[in-house]
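Enquirer: Starting off with a structure, shown below.
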Amino acid sequence: MDHNSVDTKESEPRAPETETYDVVGIGFGPSNLSLAIALEEGPEPVTARFFERQPSLRWHQGMLMPSAKMQVSFLKDLATFRNPTSAFSFVAYLHDTGRLAQFVNNCDFFPTRREFHSYLEWAESKVRHRVSYGTEVSAIEPVTDPGTGAVDRLRVVLRDEAGTRQVEARNVVVSTGLVPRMPVGLERDEHVWHSSAFLHNFRAWKKGGLKRVAVVGAGQSAAEIVRFLYDTVPDATVHAILPSYGYAIADNTPFANEVFDPAAVDDFYRGTQRAKDAIWRYHKNTNYSVVDDEVIRDLYRRASDDETEGRQRLRFARLSRVVDAKRVAQHTRVTVHSLIDDDTYDLDVDVLVCATGYDPMDPAGILTGLEGRLSQDDDGRYRIARDYRLLGADDLTCGIYLQGGAEHTHGLSSSLLSNIAVRSGEIAHSIVTGRTAAQERGVPA
Ligand code: FDA
Ligand code: NAP
């Protein structure tokens, strides 16, 4: 055990051979990094340990293209909305690294993703002693107190290069992130990539061999990849297969943006099902299947410059979906269905990139040991209290919290960065005090 990692509480009994923590975090992306900071800045010391399967903090590295910008204001960082005077804020990072003046001179609320990644690494370096990297959580199982019969702890089963081991926790916070989604029937291979691993695959690809590429999707990932390929591989023809007629803009206007405010989580949570449905219906275009204005304009400029030069390196298949892909001789044969003439045709390319989005975080795979103890709605989704704690049987006295996977109860910001500082604060508060900040504001759990 890394003794630096744990604030020991002498008064608390421990099983002789198993480390027991107040909080175990599963996954160490921005959400649980934000939680580690909230615990660090909290009023009471808690023992906390985070387990991350990657070898270091890596935030969507397969999409970390040089020109890609953040889709959220720098002020919606790991801490500011919870604690505007935090030493972990993006502004503190800029100051610490001597970049505050330059950032301000840019007059841009949206840093590049690379700059934000550098901020995440800077913040992570201050809490790294609480994290075990290269460690995957494979299961969470109940531990029953022999005296009371209550499940007051959880056994967290870990796998790392040394083998399998376990720790125990009074609370776990699951934050394992989005799950890449492929088109139905398509499998990833050397020639068929998902956008989440785009840069890794691109760098591994033999140089000079990329003449024809197809990119499926009309979301931010697809548009950024099309732009990157067009700029980086000067000889390649890039086929953009769009389910829409053209890229549609991500609504980032102020009234719509309020849907990501902390207060909107309360409104969504206590809203009727019709209210929840309406929020999704009206405001899905703030985030899904949409593209930032700047990237759309970049692409259109490139396409129109090409026309002027008498070239056509960017080709758009409109109102089209990919229905199949298979290897034929040296090519990947992509079968495309066009809605315009209801026609299906084949397109031969070197590589197919599926920028086809993600499924929400699904903690069910590691919670199988608690089946029957966790409450679910009619659609089989977990019931989640306002403080992000899973609702369950009366004898479940330990806490299981989710960061992500709460789109049905807490709304659009569930999978995003917008609210992580406040959400982490609410979870930390709930763990430390046993009371929820939302309950204190009068929002029913
Ligand atoms: P995240 O996915 O970042 O981290 C989860 C971590 O858990 C990963 O490091 C993973 O390795 C680990 N893990 C998974 N299973 C594990 C297991 N069993 N054991 C141990 N570790 C495990 N949102 C936004 O608001 N603004 C933005 O600008 C962007 N930009 C953006 C770019 C791209 C390319 C994508 C795909 C998404 C975004 N997002 C976004 C949305 C995105 O969900 C968000 O930025 C964060 O990644 C959410 O942070 P989390 O920590 O919840 O998940
Ligand atoms: P997305 O927004 O869900 O878009 C997926 C796209 O793929 C949609 O246009 C979808 O069309 C299309 N699609 C799915 N199956 C298809 C098929 N068989 N044929 C053709 N098209 C198909 O996913 P994303 O672009 O990866 O974005 C996911 C999240 O990451 C968002 O929150 C986004 O903001 C974020 N992101 C941020 C950045 C950044 O910060 N710079 C970069 C990339 C991504 P339908 O909608 O019709 O199914």
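The values are calculated or read from the model by the stated rules, or taken from the named source; none is laboratory data. Bear in mind the structure is a predicted one, so any value in this text is a computation, not a measurement. As a convention, Cβ positions derive from the backbone with ideal geometry for all residues, glycine included, and neighbour counts pool all protein chains shown.
Enquirer: State yes or no: is residue 43 farther than 30 Å from residue 201 by Cα, modelled with pLDDT of 95 or more and assigned to a loop (DSSP other than H, G, I, E, B)?
Expert: Here the answer is no, as residue 43 does not meet what is asked.
Enquirer: Can you name the condition, by its number, that residue 74 falls short on among (1) touching a helix residue (DSSP H, G or I) at 6+ places or on another chain (Cβ under 7 Å); (2) outside any loop (DSSP other than H, G, I, E, B); (3) of a type outside the set (Val, Ile, Thr)?
Expert: (2)
Enquirer: Then there's this: Tell me, please, whether a residue that is surrounded by fewer than 16 Cβ atoms within 10 Å (Cβ to Cβ), more than 30 Å from residue 135 (Cβ to Cβ) and touching a strand residue (DSSP E or B) at 6+ places or on another chain (Cβ under 8 Å) can be found in the range 48-70.
Expert: Yes: one or more hits.
Enquirer: Right, here's the next one. Answer with yes or no whether residue 332 is part of a strand (DSSP E or B), in contact (Cβ under 8 Å) with a residue 40 or more places away in the chain and more than 16 Å from ligand 1 (Cβ to nearest atom).
Expert: yes
Enquirer: Identify, from the list 169, 162, the residue that is loosely packed, with under 13 Cβ neighbours inside 10 Å, assigned by TED's automatic domain parsing to the domain that holds residue 60 and either in contact with a Cys (Cβ under 7 Å, 6 or more places away or on another chain) or more than 22 Å from residue 295 (Cα to Cα) (or both).
Expert: So the residue among 169, 162 that is loosely packed, with under 13 Cβ neighbours inside 10 Å, assigned by TED's automatic domain parsing to the domain that holds residue 60 and either in contact with a Cys (Cβ under 7 Å, 6 or more places away or on another chain) or more than 22 Å from residue 295 (Cα to Cα) (or both) is 162.
Enquirer: Which one of these is in contact with an Asp or Glu (Cβ under 8 Å, 6 or more places away or on another chain) and without any contact (Cβ under 8 Å) to a residue 60 or more places away in the chain: 74, 90, 110, 116?
Expert: Among 74, 90, 110, 116, only 90 is in contact with an Asp or Glu (Cβ under 8 Å, 6 or more places away or on another chain) and without any contact (Cβ under 8 Å) to a residue 60 or more places away in the chain.
Enquirer: Does the range 220-234 contain at least one residue that is under 20 Å from residue 66 (Cβ atoms), more than 12 Å from ligand 2 (Cβ to nearest atom) and among the acidic types (Asp, Glu)?
Expert: Scanning the range 220-234, I find at least one residue that is under 20 Å from residue 66 (Cβ atoms), more than 12 Å from ligand 2 (Cβ to nearest atom) and among the acidic types (Asp, Glu), so the answer is yes.
Enquirer: Might you check whether a residue that is without any contact (Cβ under 8 Å) to a residue 60 or more places away in the chain, part of a loop (DSSP other than H, G, I, E, B) and in the same structural domain as residue 422 (by TED's automatic domain parsing) occurs anywhere in the range 129-138?
Expert: Checked against the condition, which is being without any contact (Cβ under 8 Å) to a residue 60 or more places away in the chain, part of a loop (DSSP other than H, G, I, E, B) and in the same structural domain as residue 422 (by TED's automatic domain parsing), the range 129-138 yields no hits at all.
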